[in-house]
1. For region 180-226 and region 398-427, what is the centre-to-centre distance using only Cα atoms, to the nearest Å?
2. What residue among Gly190, His467, His415 has its Cα farthest toward the positive end of the dipole of the chain, where the charges are +1 on Lys, Arg and -1 on Asp, Glu, each on the Cβ?
3. Which of (i) -0.57, -1.11; (ii) -0.45, -1.41; (iii) -0.43, -1.09 is the computed log10 I(q)/I(0) by the Debye sum over Cα atoms at q = 0.07, 0.12 Å⁻¹ for the structure on display?
4. Please list 3J(HN,Hα) in residue order for region 266-272, calculated via the Karplus relation 6.51 cos²θ - 1.76 cosθ + 1.60 where θ = phi - 60°; whole Hz, with x for glycine and proline.
5. How high is the FRET efficiency between Lys122 and Ala250 when r is their beta carbon distance and R₀ equals 25 Å, given to the nearest 0.05?
6. Residues with amide H under 5 Å of Phe216's amide H, sequence separation 5 or more or different chain, H placed in the peptide plane at 1.01 Å from N; which?
7. Give the distance, in whole Å, between the Cα centre of region 351-370 and the Cα centre of region 449-487.
8. Applying 1/(1 + (r/R0)^6) with R0 = 41 Å to the Cβ-Cβ distance of Asp202 and Lys39, what FRET efficiency is obtained, to the nearest 0.05?
Amino acid sequence: MKLSLLIALTGLATTFSYTQVDSNLSKRYAGTISNTDLKEHLTILASDSLEGRETGMLGQKKAAKYIKKHFSETLGLEPLAKLTEGYFQTFPITILPPKGSLRVNDKAYNFKTDFYYFGGFKDQTIETDEVVFIGYGIDDSLYSDYKNVDVKGKVVLMLSGVPKTIEKKGNPETWIASWRTKFNLAKAKGVKAVLMVDSRYDENSKSLAHYIEKPFTKLATDTSEESLPVLYLREDVATEILGTSNKSLAYFIKKSKKKPFYKPLNCKLQIIVNREEQNLTSENVLGFIEGTDKKDEIIVLTAHYDHLGKIDGEIFYGADDDGSGTSALLELAEAFTIAKREGNGPRRSILIMPVSGEEKGLLGSQYYTDFPVFPLENTVANLNIDMIGRLDEAHKNNSNYIYLIGSDKLSTDLHNISEAENAKHTKLELDYKYNDENDPNRFYYRSDHWNFAKNNVPVIFYFNGVHADYHKSTDTVDKIDFDKMQKITRLVLYTAWELANREERIKVDILPSAK
């Protein structure tokens, strides 16, 4: 871990002067980022003993202690006086174990076996006979605005996906976009709850088991508006609600294919969700490298160190997701620490912050931006690393790539710096596929940079795309491409170095899109 080098450098002078960004210096410290160190960190983070690093659980706490030890003992970074615990920003979380019941007329249905939900709504009891079927909830312009349809205060039964007659050609994931729009429209129209007929129930309930079976976790400090209750149903449960004694479910699907189809239903419905909450804590770990003449301006580097924990006794190791990004942060902290001890420290301060709770809904980064240790108005940029150690199917024969997301969303300066540093040093293929506003995966909103971006802090999200082991127990260290990981980590270093040392702070010159 180059500990002997760090100790040897401790006695060196720490006076700083900086006139212009020296690319030879950035190259020198990028060279300290090694495959050996990356692998050493990742082997520990994705080990059996850390049990998949689930937020609030023992494995996550062990990972936090490992990261803290690297900051405090290996690198000698000082604890932050602003934090009660020095290196930890501790945040409260509320855990709600999945539980619920559904009764249609006089027939009871069971959670997970017959229906499931994802838990982002408050506990409640709904008893009603005002249930309406609205087909796909869309029209030939793709989404219905429920014109002439009375859904306020009612429970609506919808079909999943979109009819093939209007599915966007060449975009098999149109249903993802329709799913989000359906619920937004339903909520805007005052719908009480949504029942979604899941035509792939067995497949989805299995592949999404870690979301369905695990407790729903939220920030205890979160006062944002609750989500609309959404239950996903087996087709036979939907048949019972439809009361299709004379008409099959297939009949209703057929009727809905070409135009909106609305039908009040004759049934009594009871939904009960009453969970016993548990209150725990989790931690962001902060390693701070103070700048020189521009030290009040901050560059924040993030990656999430939590993962999915254990499911049915099986460890979900999360080597790529996001042990790879966390290991990169530890190496970046070391590179900037060596630079500072050699008298070449950054002009602006660097905050290296592995965060927790990403897998539960970006909780750690949300807490930081809700209660920032350093003012967000002084935060120049956030560079976020989430999965950089594997190849996706589109690049299976080319490891020399990285997806960049968000670099041009808020700051032209940031995008241009990123492009220039890559062209000068790493020469990776910068793939902007997922930067598209119309990307149905919406990755821009799905990792920790988003909490900074929504506060007008320019961001870059470094991402290698998903692969066959994504969110599975098979995401293990032996499948990591450390050469690729090293190169991407060095690109982050080059970009952060330029941001930290250039004379002018980058400008926010692009208004964020309303979402």
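Every number in this text was worked out from the coordinates using simple rules, so none of it is lab data. Here the structure is a predicted model, which is why all the values come from computation and not from measurement. Virtual Cβ from ideal backbone geometry, glycine too; neighbours counted across all protein chains shown.
1. Cα centroid to Cα centroid, the span is 34 Å.
2. Going by the charge dipole, the pick is Gly190.
3. From the options (i) -0.57, -1.11; (ii) -0.45, -1.41; (iii) -0.43, -1.09, the structure gives (iii).
4. Per-residue couplings from phi come out as 9, 7, 9, 10, 10, 10, 10 Hz.
5. 0.10
6. Leu96
7. Measuring centre to centre over Cα atoms gives 15 Å.
8. 0.60
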